[in-house]
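Report on the structure given below.
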Amino acid sequence: MSGSTFGELFRVTNFGESHGPAIGCVIDGCPPGLALAEADIQVQLDRRRPGTSRHVTQRNEPDAVEILSGVYEGLTTGTPIALLIRNTDPRSKDYGNLLDTFRPGHADYTYWRKYGHRDPRGGGRSSARLTAPMVAAGAVARKWLQRVHGTTFTGWMSALGDIEIPYVGAEHIAANPFFAPNAEIVPRLEAHMDALRKAGDSCGARIEVRAAGVPAGLGEPLFDKLDADIAYAMMGINAVKGVEIGSGFGCVAERGSEHGDALTPEGFASNHAGGVLGGISTGQDLVVRIAVKPTSSIRTPRPSIDRSGAATVVETHGRHDPCVGIRATPIAEAMLALVVMDHALRQRAQCGDVRLPVPPIAAARP
């Protein structure tokens, strides 16, 4: 009812507020016997963590994860796994002016209309800080999927504002704070962010994420399609306003003779479908792109209203990302991993005994 639980068999319940004592999640349905330590989770949280460069919020949170349950002698037990991340650097006084006013483009107004009472500190429950527990849960899913199916997840930024980022190679992604697959364009991205910060403004971003080594057959028609659940998961990420799978909106200009991915004995000839046909995985890479809107919390004064309905002007102080998309790559990877994990368990439950004499075809030919 409250919209804080994600998944069917691999269920993740998210809790906490941006400036509360802690945030975290409870994972229910993780198979037993998976070797799991805090270090397995921390490596992904460190990729999302704030304060890692001058281009993101300077809130200094270590995001150190604690495993409270569900693991004994280094192995998951099959019981709920509780993960806790303590908030250590809130600065709630920066949000004192938002108790009675609403940031344009932010969830302040809608949370107030829905609940009649809200936590304005750092956005409270609507804060992007609540993506950290999902990254932690995604790390657990990634480890199981890697071990059982060899599935891997890779994401990158493909556009920052109006700057397109040509893909050069995956080796560049971890070498810059933008998760850009292109080293040469990084100085231009840095200059763009410096100018935005100086102007007190923000911009959006486009993120692409892929899953390789996905088993064929995941997904349940009609309304639990794999791509439908991927879109649902991605739209659950703060500030995401659009999702594409495969060719996405580009398919409008394609002809059927081009868009339909031909099957050959050597494999699919292309991957316009993004690894999903009829809501079921083909065994090809899942290809997903998300559009992240500009950050709503900016210094630029903007018209709004207060709780009485009177006109006012809002100017947001505090520490914010001029582009929330800069840290969105590990979040998108995690949400894709959670969807694949959930469907992998669902497939195992219903169709684990299905055997075909012909092996699946997978990779698109170059």
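Data for the structure
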quantity: Value at 222 nm in deg cm²/dmol, rounded to 500, when DSSP H runs of n ≥ 4 in the chain each add -39,500 (n - 2.57); calculated: -7500 deg cm²/dmol
quantity: Selection from 157, 128, 351 lying farthest towards where the dipole of the chain points positive, charges on Cβ; calculated: 128
quantity: Selection of GluC sites (Glu not before Pro), the stretch 238-299, meeting DSSP coil and at most 11 other Cβ within 10 Å; calculated: 266
quantity: Contact order normalised by residue count of the chain, Cα under 8 Å, 6+ apart, percent; calculated: 21 percent
quantity: Kyte-Doolittle mean at least -0.5, axial Cα span of 15 Å or more - DSSP H helices of the chain; calculated: 132-149, 186-199, 329-351
quantity: From the C-alpha gyration tensor of the stretch 5-351, square roots of 5λ in Å; calculated: 33, 26, 19
quantity: Net charge dipole size for the stretch 208-366 [Lys, Arg +1 and Asp, Glu -1 on Cβ; Debye, nearest 20]; calculated: 480 debye
quantity: Residue 258-residue 149 pseudo-label distance in nm [points 7 Å out on the Cα-to-Cβ vector]; calculated: 3.1 nm
quantity: Size of charge dipole - the chain - debye, nearest 20, with Cβ of Lys, Arg +1 and Asp, Glu -1, no other charges; calculated: 860 debye
quantity: Filtered chymotrypsin sites (Phe, Trp or Tyr not before Pro), the stretch 75-180: DSSP coil and at most 14 other beta carbons within 10 Å; calculated: 167
quantity: Of the trypsin sites (Lys or Arg not before Pro) in the stretch 231-331, those whose Cβ has at most 13 other Cβ within 10 Å and which sit in DSSP loop; calculated: 255, 307
quantity: In nm, spacing of pseudo-spin labels at residue 361 and residue 163 (7 Å Cα→C-beta vector); calculated: 4.1 nm
quantity: Pairs of lysines in the stretch 5-351 (C-alpha under 22 Å apart; 8 or more residues apart or interchain); calculated: 4
quantity: Extreme residue, positive dipole direction of the chain, given options 336, 64, 297 (C-beta unit charges); calculated: 297
quantity: Karplus 3J(HN,Hα) series, Hz, for the stretch 269-281 with 6.51 cos²θ - 1.76 cosθ + 1.60 (x for Gly, Pro); calculated: 7, 7, 9, 5, 6, x, x, 9, 10, x, x, 10, 5
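Bear in mind that the values in this text are calculations on the coordinates, not laboratory data. These figures come from a predicted structure and were not determined experimentally. Don't worry about glycine lacking a Cβ; one is built from the backbone with ideal geometry, like all the others, and counts go over all protein chains shown.
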